[in-house]
C-alpha cells in the first residue's frame with residue numbers, strides 16, 4: 001500500500017525539493033533521504049530530465065515515499081507526471097485547472113498560495129493542502145492568523161527560505177510541515193553534504209515537536 005500525504009507528514013513533516021537533480025543521481029540522493037526519514041520528495045519540472053528522475057525515484061522508493069513533481073505550470077504536465085509514476089503535484093501558484101486535473105487523475109495536489117483568498121479558493125478547487133509561498137513573505141505570525149480562520153484539518157506548509165533554525169517558530173504558529181529547497185539540496189552538494197543537511201532538518205523537527 002502506497003503512503004499518502006497525511007501519513008507521510010505524520011512520519012516526518014518535510015518535503016524534499018530536489019531542484020536541479022540529475023536522473024543519474026536520483027537513486028543515491030533518494031536513498032539518503034528515505035533512510036533519513038523523508039517520506040515526500042518532489043522533483044521540480046524545471047530540473048534536467050525531471051520525469052526520468054521521478055520514474056527512478058518511484059521505482060526505488062515508491063512504496064515508502066510520496067514522490068512527484070514541483071513547478072507544475074500546465075495541466076498537460078499532470079498526465080506526464082502520472083505516467084512517470086508520480087503521485088504528487090506541487091506548484092508555485094494556484095491554478096484551478098491544474099488542481100482539477102490532478103484530482104481527476106487521482107493525484108495529491110499542493111498548490112502555492114500567498115493570501116487567505118487564494119488559500120480558500122484552492123481548497124474549494126480540491127487542493128489537498130496549501131504550500132505557503134514564498135515563506136519569506138509569510139512569517140510565523142501570519143501562519144498563526146491563517147490557522148485561526150482555515151478549517152483545523154487544513155495542511156499549511158511554508159516553503160521558501162526554510163532552515164532548521166526557522167522551523168520551531170512556524171511549528172508553534174501551526175505549520176503542518178515544510179518544503180525544503182536549496183538549504184537541503186542543490187546539484188553541487190555531495191551526497192555526504194545532503195545527508196548532513198537532511199539529518200539537521202530531521203533533528204530540528206524532533207526538537208520543535210517534542
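Here, each number is a calculation from the coordinates, and none is a lab measurement. The model shown is predicted, which means the values in this text are computed figures rather than measured ones. Note: ideal-geometry Cβ built from the backbone for every residue, glycine included; neighbour counts use all protein chains shown.
Going by the alpha-carbon gyration tensor, a ≥ b ≥ c the square roots of its eigenvalues, is region 5-209 rounded (a/c under 1.5) or, if a/c is not under 1.5, prolate (a/b greater than b/c) versus oblate? Here region 5-209 falls in the oblate category. Available extension along the chain between residue 10 and residue 73 is 19.9 nm, counting 0.36 nm per residue and deducting the alpha carbon span. Counted by neighbouring Cβ atoms within 10 Å, the residues 47, 2 run from fewest to most as 2, 47. Think of it as helices only: each DSSP H run of n ≥ 4 in the chain is worth -39500 (n - 2.57), and spread over all residues that comes to -13000 deg cm²/dmol at 222 nm.
Taking 7 Å steps out from each Cα toward its Cβ at residue 64 and residue 192 produces label points 2.2 nm apart.
What is region 40-104 by shape, rounded, prolate or oblate, if you read a ≥ b ≥ c off the alpha carbon gyration tensor as root eigenvalues and call it rounded for a/c under 1.5, prolate for a/b larger than b/c, and oblate otherwise? Prolate. Between residue 168 and residue 2, the FRET efficiency from the beta-carbon distance, with R0 = 35 Å, is close to 0.70.
Here region 103-145 and region 85-99 have alpha carbon centers that stand 11 Å from each other. Note on region 146-185: semi-axes of the ellipsoid equivalent to its C-alpha gyration tensor, largest first and rounded to whole Å, are 21, 11, 6.
Take every Cα pair under 8 Å whose residues are at least 6 apart in sequence, average their separation, divide by the length of the chain, and the relative contact order is 20 percent.
Given their separation in residues at 0.36 nm each and the Cα-Cα distance between them, residue 24 and residue 182 gain 55.0 nm when the chain is fully extended.
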